[in-house]
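**Student:** Please see the structure below; I have some questions.
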Amino acid sequence: MRENGWRWAALVFVVLIVGCPRRDDDETDGGSRVPDSGPTPIDAAGPPPPPPDAGPSSETTMATAALVRAVGTAVAIAGPLVADGEALRDGPTGLDSRETTTRDRIENGVSGNSVVTDPACTTFDWSGLSVTVTFAGCVLEATGESLDGSVRLRVAFAPTAIGISFEALTVGSSSIDGTLELLLGGSCAAGDPTCTQCRDVDATCMARTQAQRTLQGDVTVAAAGGAPVSVSLTATVEHDASGTRATGSGTLESSALDGSFTATDLLWAMGDCLPSSGTLVLDDGSSSLTNPATVGFLAVTPTDGTVSLRLGALPAAEVMLLEPCP
């Protein structure tokens, strides 16, 4: 019993010696040691986030390409109709003269003013103030892209508007579906018995009578082998010999990304499939450090696809984001 008691006493002594902390200045080994600073304190806010990837995500790239395709196709078709639509708004009254003038003006806008480069590639099938325009082997004058399929145009007056429905339309390698409306304003001419004026209590209709060049609607774009992207937009459209411009906003929806966008002074120079100036801001609604994405289009964008890209608050950088025009 005495022997076992000593063994337990010795074991306890060893444990106590090993478990005790050492002195900061241990003179038993003839030297001194650096004081132990203890464990590194942990910031209550947690470790800083890793630096974000400066490159665009695949979702941003796809969304930008789809938006440019959707808006570009919309303004390429609607833009050349503005001048002839305004002539209709300010033109003759009476149903017979209006129907004849409508046909002349719309056909001029499509194949003369012009949506396409060669009028021989189009055919027109009229019914009253509506027409189905079929494109076979055409080229969009505004963007220089191939165009096949059909578009349904419907003209209304007081206020003047041109409804645009895409029917199995192919632009380049993408399919386009959807409906748009080009609002041009205008009201009934005095003494026109065929026209019914908006009532003052109809605020929506009265707003549509104001002179404008507003393009609004929904377009779905599907690139070859890609998932469809749906775009809703409202934009002001300008078209002249230098090209087609658009400023507006809207939303987009796809399997990979939902968000909103704002387009400012986008310019498609005549024959270019991509804008050469203006900005496009894409916001996915998240609190990500790389949101929103601001795309600035450059003079070289149509040639090599390079844009100025700023992700969130990060500095802008020039990157090759888009496929260049063929």
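The values are calculated or read from the model by the stated rules, or taken from the named source; none is laboratory data. Only a predicted model underlies this, so the values are computations on that prediction, with no experimental measurement involved. Cβ placement follows ideal geometry from the backbone for every residue including glycine, while neighbour counts extend to all protein chains displayed.
**Student:** Out of the residues in the range 249-271 meeting the condition of being farther than 16 Å from residue 66 by Cα and in contact (Cβ under 8 Å) with a residue 60 or more places away in the chain, tell me which one is surrounded by the most Cβ atoms within 10 Å (Cβ to Cβ). I'd like the intermediate steps shown before the answer.
**Tutor:** At the first step, the residues of the range 249-271 found to be farther than 16 Å from residue 66 by Cα are 264-265, 267, 269-271.
Subsequent filtering for residues that are in contact (Cβ under 8 Å) with a residue 60 or more places away in the chain retains 270-271.
Values: 270: 14, 271: 16.
The selected residue is 271.
**Student:** How many of the residues making up the range 284-306 are within 14 Å of residue 61 (Cα to Cα) and among the acidic types (Asp, Glu)?
**Tutor:** Here the count works out to 1.
**Student:** Another one. Can we say residue 87 is among the small types (Gly, Ala, Ser), over 21 Å from residue 248 (Cα atoms) and without any contact (Cβ under 8 Å) to a residue 60 or more places away in the chain?
**Tutor:** Yes, satisfied.
**Student:** Can you name every residue in the range 111-158 that is among the hydrophobic types (A, V, I, L, M, F, W, C) and closer than 23 Å to residue 241 by Cα?
**Tutor:** 115, 116, 120, 121, 135, 138, 139, 140, 142, 147
**Student:** Here's something else I'd like to know. Enumerate the strands (runs of 3 or more DSSP E) found wholly within the range 176-258, keeping only those where 1 or more residues are more than 28 Å from residue 284 (Cα to Cα) and among the small types (Gly, Ala, Ser).
**Tutor:** Working: elements: 214-223, 229-240, 243-253.
Of the strands (runs of 3 or more DSSP E) lying wholly inside the range 176-258, those with at least 1 residues that are more than 28 Å from residue 284 (Cα to Cα) and among the small types (Gly, Ala, Ser) span 243-253.
**Student:** Looking at residue 160 and the list (1) modelled with pLDDT of 95 or more; (2) surrounded by 16 or more Cβ atoms within 10 Å (Cβ to Cβ); (3) over 22 Å from residue 271 (Cα atoms), which single condition is not satisfied?
**Tutor:** Answer for residue 160: the failing condition is (1).
**Student:** Can you pull out the residues in the range 94-143 that are under 20 Å from residue 165 (Cβ atoms) and among the basic types (Lys, Arg)?
**Tutor:** Matches in the range 94-143: 103, 105.
**Student:** Output the number of the condition that residue 198 fails; it satisfies all remaining conditions of (1) more than 24 Å from residue 272 (Cα to Cα); (2) crowded, with 18+ Cβ neighbours inside 10 Å; (3) touching a helix residue (DSSP H, G or I) at 6+ places or on another chain (Cβ under 8 Å).
**Tutor:** For residue 198, the failing item is (2).
**Student:** Collect the residues in the range 140-157 that are within 23 Å of the chain's Cα centre (by Cα) and either hydrophobic (A, V, I, L, M, F, W, C) or part of a loop (DSSP other than H, G, I, E, B) (or both), keeping them in residue-number order.
**Tutor:** 140, 141, 142, 143, 144, 145, 147, 151
**Student:** Starting from the range 116-145, take each residue that is more than 17 Å from residue 271 (Cβ to Cβ) and at pLDDT below 95 and list its partners that are of a type outside the set (Asp, Glu) and part of a strand (DSSP E or B), counting only C-beta distances under 8 angstrom and pairs at least six apart or across chains.
**Tutor:** Final answer for the pair search is 129/154; 129/155; 129/156.
**Student:** Here's a follow-up. So which residues in the range 272-303 are surrounded by 14 or more Cβ atoms within 10 Å (Cβ to Cβ) and closer than 20 Å to residue 174 by Cα?
**Tutor:** Of everything in the range 272-303, those that are surrounded by 14 or more Cβ atoms within 10 Å (Cβ to Cβ) and closer than 20 Å to residue 174 by Cα turn out to be 272, 273, 274, 275, 301, 302.
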